[in-house]
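What follows is calculated from the coordinates using simple rules that are stated; it is not laboratory data. These figures come from a predicted structure and were not determined experimentally. No Cβ is skipped: glycine too gets one built from the backbone with ideal geometry, and neighbour counts run over all protein chains shown.
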Amino acid sequence: MRPFGTTIFAEMSALAVRTGAVNLGQGFPDTDGPPEMLAAAAQALAGGANQYPPLAGIPALRHAIVEHEQRFWGLARDPDTEVVVTAGATEAVAAAILALCEPGDEVVCFEPYYDSYAASITLAGAVRRPVTLRPGPDGRYAFDEAELRAAFGPRTRLVLLNTPHNPTGKVFTPAELALIADLCQRHDTYAVTDEVYEHLVFDAPHTPLAGLPGMRERTLRISSAGKTFSCTGWKVGWATGPARLVSAVLRVKQFLTFVNAAPLQPAVAVALRLPDAYFTGFTATLRANRDRLVAGLTAAGFGVLPSEGTYFVTADIRPLGGTDGVEFCRELPGRAGVVAVPTQVFYDHQDAGRHLIRFAFCKRAEVIDDAVDRLRKLA
Ligand code: PMP
Ligand code: GLN
């Protein structure tokens, strides 16, 4: 694991603390989640929910996960056999890859990719086959169809898909998902989908790959409470899918963490059952934040790529004279008092992202405004 070093998120958040800069690097909200959820956690703590919960998660949470998937995505699951609660989406991704891959198997993914993917694939002794997302003429990130087709081969075990996509803010289109689904079936592979930003789509709807024809039986769908309920420090996630895949994840999970945070589980169950108004309000707030940051970064002189979802927007540093995002982000606290994350660290083919950096907008409006005021000094 030596090549993996320290994650960029830890490095950049430490830099923000050290320099007193506004931290638009690591994606975490600066407001708390729904009060009903927080109250339920406090009540569970005081009420004695403090010992090991069941391996797959408490029944109330498994039922709530199933109800939520049915309500928003029309997916029907059995809460007893088709759901597993995990230590965040991170554990679900790791356990899924460890469960499904033999050493030497290949995992098709899209770069830039969330950093834990490369590490989890390596831990499984598997090999990543990244397909590069590149901004097209309209600025939207897309992949080359021939490149995706070529990434599949006899050793392909699974496709690891993140939509809405961190760090680009891309939301995969129905046509792109249909192509991925077709290739999974043609090559008889699994799909593992990371949908932690499922409620953060601003312009077009989110579509789970598991809902496409022929995909339910071969897809593990992963999500997490962290983003949807602004509690990234809780690390309550889950995977849903056909019983044989969920049971494979459970087999691994029992030796990674065994079980997770007992008092937080009933609280996340409460949150998942909140009325639709919570979810639409949450999306609207983040959409307004996106618009605010996009306008501010544009005014500050960055080239700004469209963000269709997630917490993040990508900025091109070349109009401000930058060439290397890592260097730019290391200097940014000193030059402007702001922290961002260089996108190139999420690529195998780093040249594709050398001039791009990522800003997070999961922050209060006044924090975004403060950051933008500071960034205006760069012009
Ligand atoms: N996947 C993606 C795409 C993410 O951005 C994150 C980060 N928050 C995670 C997984 C990890 O989620 P969790 O904190 O629930 O482990
Ligand atoms: N998902 C968050 C991000 O992309 C950070 C998660 C982490 O710090 N590992 O910023």
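Observations, loosely collected:
- Straightening the chain between Glu67 and Asp351 buys 97.9 nm, computed as 0.36 nm per residue apart minus the Cα-Cα spacing.
- The Cβ shell under 14 Å around Gly301 holds other residues with a net charge of +3, Lys and Arg each +1, Asp and Glu each -1.
- Computed over the chain, relative contact order equals 25 percent, with contacts defined as Cα pairs under 8 Å that lie 6+ residues apart.
- Span-like helix ranges in the chain, DSSP H, alpha carbon extent 24 angstrom or more, Kyte mean at least 1.6: none
- Inter-part distance where segment 197-236 and segment 241-304 are each reduced to a Cα centre, Å: 7
- Shape category assigned to segment 12-170 from the gyration tensor of Cα positions, a/c cut at 1.5: oblate
- Rounded to 5, percent antiparallel among DSSP beta bridges of the chain: 50
- Average Cα contact separation per residue, segment 77-178, under 8 Å, 6 or more apart, as relative contact order %: 27
- For segment 114-137 versus segment 305-379, the spacing of their alpha-carbon centroids is 21 Å.
- Residue-count net charge about Gln344 - beta-carbon cut-off 9 Å; Lys, Arg +1, Asp, Glu -1: -1
- Relative contact order of segment 144-194: 50 percent, from C-alpha pairs under 8 Å at least 6 residues apart in sequence.
- Residue separation of Met1 and Phe258 scaled by 0.36 nm, minus their Cα-Cα distance, works out to 90.2 nm of gained length.
- Whether segment 300-362 is rounded, prolate or oblate, judged on the alpha carbon gyration tensor where a/c under 1.5 counts as rounded: rounded
- For Ala124, net neighbour charge (Lys/Arg +1, Asp/Glu -1) across residues whose Cβ lies under 12 Å away: -1
- Label-point gap, in nm, between Arg244 and Val17 - each point 7 angstrom along Cα→Cβ: 4.7
- Whether the chain is rounded, prolate or oblate, judged on the alpha carbon gyration tensor where a/c under 1.5 counts as rounded: oblate
- Nitroxide proxy distance, nm - points 7 Å out along Cα→Cβ at Phe9 and Asp30: 1.9
- Over the C-alpha atoms of segment 225-353, the Rg to Rh ratio, Rh being the Kirkwood estimate, stands at 1.07.
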